[in-house]
Amino acid sequence: MPRNAKEAAKLFIDFVNETGSPYHSVAACTKLLKAAGFQELSDGKPWMLVKGGKYFVTKGGADVMALVIGGKFSADGESGLAMIGAHTDSPCLRLRPNSRMSSSGMLQVGVQTYGGGLWHTWFDRPLGLAGKVVVKDQSNGHLEERLVRIAKPLMIIPNLAIHLTSADERKAFAVNPESHLQPVICSTQFDNEASGGRDGEPKTGVHSRHHSVLLEIVAKELGTKPEDLVDADLCLMDAQEANLMGAYEDLISAARIDNQLSTWAAVQGLVDFASSDASVAEAQDICVAVSFDHEEVGSQSSTGADGDTLPTWLERILGGIGVPALQQPEVFTRSFLLSADCAHGVHPNYSGKHQNEHRPELHKGIVIKANANQRYATTALTSSLFREVCARASVPIQDFVVRNDSPCGSTIGPIISSKIGVRTIDIGAPQWAMHSIRETCATSDAAHLVTLCKAFFATFREVDSSAAKL
């Protein structure tokens, strides 16, 4: 059954409220998949796969791939890989290796910018943190990676009062990312009073790189001691949870809609499809939902879409069910990727920023993104196949291209399409304020997206096999 708007929105809100870093995005996916009976595979061990099986694998805690092997998959027939790809990361401020800094009686936490954020939106927002910490067991010297998420208002980046800015500064609101984005965690006075003074504390190791108050908060959350912390990859995040909003609660206000919405919809859509044993038994394709890290910074990493992770995983899947290496390219020619990343919904106050004939609206359905210069991987054929899948699922669609005088973003679509040669389309749900600390999308579009993902896995093979191609 297609999910209604409110149901889909609440499921997504529950999901995104567990995230805050790529690692927590993967952990939220893992939780969802385990609850649905998917079997975890180890990236570093052999895979034993069977037709009808439901599996998932992670890499570095930052990538996740879930797959369902159709009961009627046949490399000699018309079977292929039906894939939906997304990304686990979002623009944010990340802790520096040496974050200890202070100014004007305040303890501050040094951060570096990650991705292309709308950094002015990070001012005056209570900030929490989430990410990965490496902990050392002092009894045996062993290291352990652990996740930490603190959704409390720990830090803030205060704005400068209007009375202290010039007219030109107020008009431009130009942010210097080096000097203006360092958050305050507490006052030096209160830190000294609460701790009884820091003079007797260690001055080496992790204490020399980070304020003791920050180490104490993280250690307490992990149930360990500050001196056990070795290193960390921590993302600052909006401490306010996602919520429904609007007079009719028809909108979602949340951090990281780009691109947690697509990651959630891909995995939830696969789970919904796999909940029917009959559908899995009759499926001819291998259905895949995959999400990568580092899309916001170019995807070139061991856990990015421009690495060899996906090609290697796909080869292992096909090899695991007995498809010879020389026959695997045949399967790829019958395969298809939905590159799912949020789209720019037309802004009611800035409608002129959109090309006149391509103005996707919230609540009007999923957006097909096209670009003649290959910033998106959409083609006439992939668009036509996608439109037919949407028609069968009663999912409305819209089209988007940028104005000729505007720059165009990109996605993992062109990257994966060029690496493994599969047909690809770039699509996404429309949203406002992309890369803001707080973004907005429509409840109905969350429902449209998850309905589409399930329908894609269920109907793509029939649509593709019946199409006459050059």
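The values are calculated or read from the model by the stated rules, or taken from the named source; none is laboratory data. These figures come from a predicted structure and were not determined experimentally. Ideal geometry is used to build each Cβ from the backbone, glycine not excepted, and the neighbour counts take in all protein chains shown. In case anyone asks, the SASA skips ligands and DNA or RNA and just uses the protein heavy atoms, side chains included. Shrake-Rupley method; radii C 1.70, N 1.55, O 1.52, S 1.80 Å.
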* Selected residue (criterion: nearest to S466 (Cα to Cα)) from residues of the stretch 364-385 that are open to solvent by less than 70 Å² (accessible area, probe 1.4 Å) and in a loop (DSSP other than H, G, I, E, B) -> T379
* Asked: So V280 clears everything in (1) buried (at least 19 other Cβ atoms within 10 Å of the Cβ); (2) touching a His at 6+ places or on another chain (Cβ under 8 Å) except one condition, right? Which one?
  -> (2)
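When you check D308 against the structure, is it over 20 Å from K369 (Cα atoms), under 26 Å from the mean Cα position of the chain (by Cα) and without any contact (Cβ under 8 Å) to a residue 24 or more places away in the chain, yes or no?
Details: over 20 Å from K369 (Cα atoms): yes; under 26 Å from the mean Cα position of the chain (by Cα): yes; without any contact (Cβ under 8 Å) to a residue 24 or more places away in the chain: yes.
The answer is yes for D308.
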* Subset of the stretch 311-340 [open to solvent by 10 Å² or more (accessible area, probe 1.4 Å), part of a helix (DSSP H, G or I), in contact (Cβ under 8 Å) with a residue 12 or more places away in the chain and among the hydrophobic types (A, V, I, L, M, F, W, C)] -> F332
* **Tally, over the stretch 232-252, of residues that are open to solvent by less than 30 Å² (accessible area, probe 1.4 Å), in contact with a Gly (Cβ under 9 Å, 6 or more places away or on another chain) and among the small types (G, A, S)** => 1
* Asked: Given the structure, is R438 surrounded by fewer than 21 Cβ atoms within 10 Å (Cβ to Cβ), under 23 Å from E296 (Cβ atoms), of a type in the set (D, E, K, R) and in contact with a helix residue (DSSP H, G or I) (Cβ under 8 Å, 6 or more places away or on another chain)?
  -> yes
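Does the stretch 28-50 hold any residues that are outside any helix (DSSP H, G or I) and among the polar types (S, T, N, Q), and which are they?
Residues of the stretch 28-50 outside any helix (DSSP H, G or I): 36-50.
Result: Q39, S42.
Output yes when any residue across the stretch 180-194 is within 14 Å of F123 (Cβ to Cβ) and in a helix (DSSP H, G or I), and no when none is.
Filtering the stretch 180-194 down to residues within 14 Å of F123 (Cβ to Cβ) leaves 180-184.
Subsequent filtering for residues that are in a helix (DSSP H, G or I) retains none.
No, because not a single residue in the stretch 180-194 is within 14 Å of F123 (Cβ to Cβ) and in a helix (DSSP H, G or I).
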* To do: With the checklist (1) within 29 Å of A325 (Cβ to Cβ); (2) among the aliphatic types (A, V, I, L, M); (3) open to solvent by 10 Å² or more (accessible area, probe 1.4 Å); (4) under 16 Å from the mean Cα position of the chain (by Cα) in hand, flag the one item I13 doesn't pass.
  => (1)
* Could you tell me whether V290 is in contact with a Lys or Arg (Cβ under 8 Å, 6 or more places away or on another chain), assigned to a strand (DSSP E or B) and in contact (Cβ under 8 Å) with a residue 40 or more places away in the chain? => no
* Output the number of the condition that E388 fails; it satisfies all remaining conditions of (1) in contact with a helix residue (DSSP H, G or I) (Cβ under 6 Å, 6 or more places away or on another chain); (2) part of a loop (DSSP other than H, G, I, E, B). => (2)
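Could you grab me the full set of residues in the stretch 293-310 that are in a loop (DSSP other than H, G, I, E, B) and in contact with a Pro (Cβ under 9 Å, 6 or more places away or on another chain)? Don't jump to the end; show me each part of the working.
Initially, the stretch 293-310 is screened for residues in a loop (DSSP other than H, G, I, E, B), giving 293-294, 298-308.
Within the stretch 293-310, D293, H294, T303 qualify.
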* Asked: Is there any pair linking a residue in the stretch 429-444 that is under 18 Å from Q398 (Cα atoms) and at pLDDT 95 or above to one that is of a type in the set (S, T, Y) and open to solvent by less than 10 Å² (accessible area, probe 1.4 Å), with Cβ under 6 Å and at least six apart or on different chains, and which?
  -> none
* Condition test on T58, is it at pLDDT 95 or above, touching a Cys at 6+ places or on another chain (Cβ under 9 Å), surrounded by fewer than 23 Cβ atoms within 10 Å (Cβ to Cβ) and β-branched (V, I, T)? -> yes
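Return the only residue of V206, V218, V267, V213 being within 26 Å of C390 (Cβ to Cβ) and buried (at least 17 other Cβ atoms within 10 Å of the Cβ). Break it down stepwise before answering.
Values: V206 fails: within 26 Å of C390 (Cβ to Cβ); V218 fails: within 26 Å of C390 (Cβ to Cβ); V213 fails: within 26 Å of C390 (Cβ to Cβ).
One residue alone meets the criteria, V267.
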* Structure fact -> Residues of the stretch 264-277 being touching a residue at least 24 places away in the same chain (Cβ under 8 Å) and not in a helix (DSSP H, G or I), in sequence order, are S275
* Structure fact -> The lone condition P348 fails out of (1) free of Cβ contacts under 8 Å to residues at least 12 places away in the same chain; (2) open to solvent by less than 60 Å² (accessible area, probe 1.4 Å); (3) farther than 20 Å from A82 by Cα; (4) not hydroxyl-bearing (S, T, Y) is (2)
* Just a yes or no: is a residue in the stretch 62-80 more than 22 Å from A325 (Cα to Cα) and open to solvent by 10 Å² or more (accessible area, probe 1.4 Å)? -> no
